[in-house]
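The values are calculated or read from the model by the stated rules, or taken from the named source; none is laboratory data. Small disclaimer: the values here were computed from a predicted structure and weren't measured. Positions of Cβ are backbone-derived with ideal geometry, glycine not excepted, and every protein chain shown enters the neighbour counts. In case anyone asks, the SASA skips ligands and DNA or RNA and just uses the protein heavy atoms, side chains included. Shrake-Rupley method; radii C 1.70, N 1.55, O 1.52, S 1.80 Å.
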Amino acid sequence: MDIPKYKIALIVGAGEGLSASLARLFSREGIRVALAARSIEKLGALCTETGARAYACDATKHEDVERLFGLVEREMGTPDLVVYNASGRTRGPFVELVPSEVAQAIAVSAFGGFLVAQEAAKRMLPNKKGAILFTGASASVKGYAQSAPFAMGKFALRGLAQSMARELSPQGIHVAHFVIDGGIRSAARAEPEDRPDSMLDPDAIALSYWNVLQQPRSAWSWELELRPWVEKF
């Protein structure tokens, strides 16, 4: 079976949750990791732990994304595994939403994903291999009350992933979208003691990303939904 081997991973929208779990897993598997975020001050400990390099980048700006890929290429090599993990949201009654804030939320959730994926695909297509992964949410498939901007952005990201998968999979690039349907456990957001495993463990999510990356191309997934065993859907 043709199981791909990845050498350099770029995680955009890096933070202390799922991105950190992915960075640790990739590092353990011998993959060099680059982390990108608008603010990188909080990534120092993770870089020390995993050997990753951190890069400041506003994913909604084309020039920032181009510069990011150029720097990673020069300092580490061309990424053959790219994860888009950034999200933007603003909440409130529909008629009270501020248009400029809505535009920014959509830009972070969706347009940034397009910019990052386009730069990644440009570099992967000549070699006819690579993987581009997108982190979605419950809002990728369900629009909740007072959360229209998040749903707009995540619906768009899912559409982007689906379109890319249909175009790029036959050219050797594995494109996958992950619907994270539930709250992610963190130090600041623990589940109640009487409801064990009622939130998604970020390490468990990362393992599912890795399992998708290990799929032979004769049986690729383009989308995977993940939720705790007690989550309603």
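Please count how many residues of the stretch 5-25 are over 14 Å from the mean Cα position of the chain (by Cα) and under 22 Å from residue 204 (Cβ atoms). Write out each step before concluding.
Going residue by residue through the stretch 5-25, those that are over 14 Å from the mean Cα position of the chain (by Cα) are 5-8, 24-25.
Narrowing further to those that are under 22 Å from residue 204 (Cβ atoms): 6, 24-25.
Qualifying residue count, the stretch 5-25: 3.
Do we have any residue at all in the stretch 16-37 that's in contact with a helix residue (DSSP H, G or I) (Cβ under 7 Å, 6 or more places away or on another chain) and in a loop (DSSP other than H, G, I, E, B)?
Of the stretch 16-37, the ones in contact with a helix residue (DSSP H, G or I) (Cβ under 7 Å, 6 or more places away or on another chain) are 16-18, 20-25, 27, 33-37.
So of that shortlist, the ones also in a loop (DSSP other than H, G, I, E, B) come out as 16-17.
The answer is yes; a qualifying residue exists.
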### Query
Of the residues 21, 27, which is open to solvent by 10 Å² or more (accessible area, probe 1.4 Å) and closer than 26 Å to residue 188 by Cβ?
27
### Query
Taking the stretch 122-148 only, how many residues are touching a residue at least 24 places away in the same chain (Cβ under 8 Å) and either among the basic types (Lys, Arg) or outside the structural domain of residue 106 (by the TED database) (or both)?
3
### Message
Of everything in the stretch 39-59, what is surrounded by 15 or more Cβ atoms within 10 Å (Cβ to Cβ) and among the basic types (Lys, Arg)? Give them in sequence order.
### Response
53
#### Entry: All positions within the stretch 205-219 that are crowded, with 18+ Cβ neighbours inside 10 Å and of a type in the set (Ser, Thr, Tyr)
209
### Task
Being over 21 Å from residue 79 (Cβ atoms) and either of a type in the set (Asp, Glu) or open to solvent by 20 Å² or more (accessible area, probe 1.4 Å) (or both) is the filter here, so list the residues in the stretch 171-181 that pass it.
181
### Query
Just a yes or no: is a residue in the stretch 153-172 closer than 25 Å to residue 121 by Cα, touching an Asp or Glu at 6+ places or on another chain (Cβ under 7 Å), of a type in the set (A, V, I, L, M) and in contact (Cβ under 8 Å) with a residue 12 or more places away in the chain?
no
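Which residues, counting only those in the stretch 42-52, are part of a helix (DSSP H, G or I) and under 29 Å from residue 172 (Cα atoms)? Working first, answer last.
Let us first name the residues in the stretch 42-52 that are part of a helix (DSSP H, G or I), namely 42-50.
Matches in the stretch 42-52: 50 only.
Go through the stretch 53-124 and tell me which helices (runs of 4 or more DSSP H), entirely inside it, have 3 or more residues that are under 18 Å from residue 32 (Cβ atoms).
Numbers: elements: 62-75, 99-106, 112-124.
Here the list reads 62-75, 112-124.
What number of residues in the stretch 169-192 are among the small types (Gly, Ala, Ser) and part of a strand (DSSP E or B)?
Narrowing the stretch 169-192 to residues among the small types (Gly, Ala, Ser): 169, 172, 176, 182-183, 186-188, 190.
Narrowing further to those that are part of a strand (DSSP E or B): 176, 186.
Of the residues in that region, 2 qualify.
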### Task
Could you grab me the full set of residues in the stretch 1-39 that are without any contact (Cβ under 8 Å) to a residue 24 or more places away in the chain and of a type outside the set (Gly, Ala, Ser)?
5, 28, 38
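Taking the residues in the stretch 60-85 that are under 24 Å from residue 179 (Cα atoms) and either open to solvent by 10 Å² or more (accessible area, probe 1.4 Å) or among the basic types (Lys, Arg) (or both) as candidates, determine which candidate is nearest to the chain's Cα centre (by Cα). Working first, answer last.
Applying the first criterion (under 24 Å from residue 179 (Cα atoms)) to the stretch 60-85 yields 60, 79-85.
Right, trim to either open to solvent by 10 Å² or more (accessible area, probe 1.4 Å) or among the basic types (Lys, Arg) (or both) and you get 60, 80, 85.
Details: 60: 14, 80: 14, 85: 3 Å.
Ranking the qualifying residues of the stretch 60-85, first place goes to 85.
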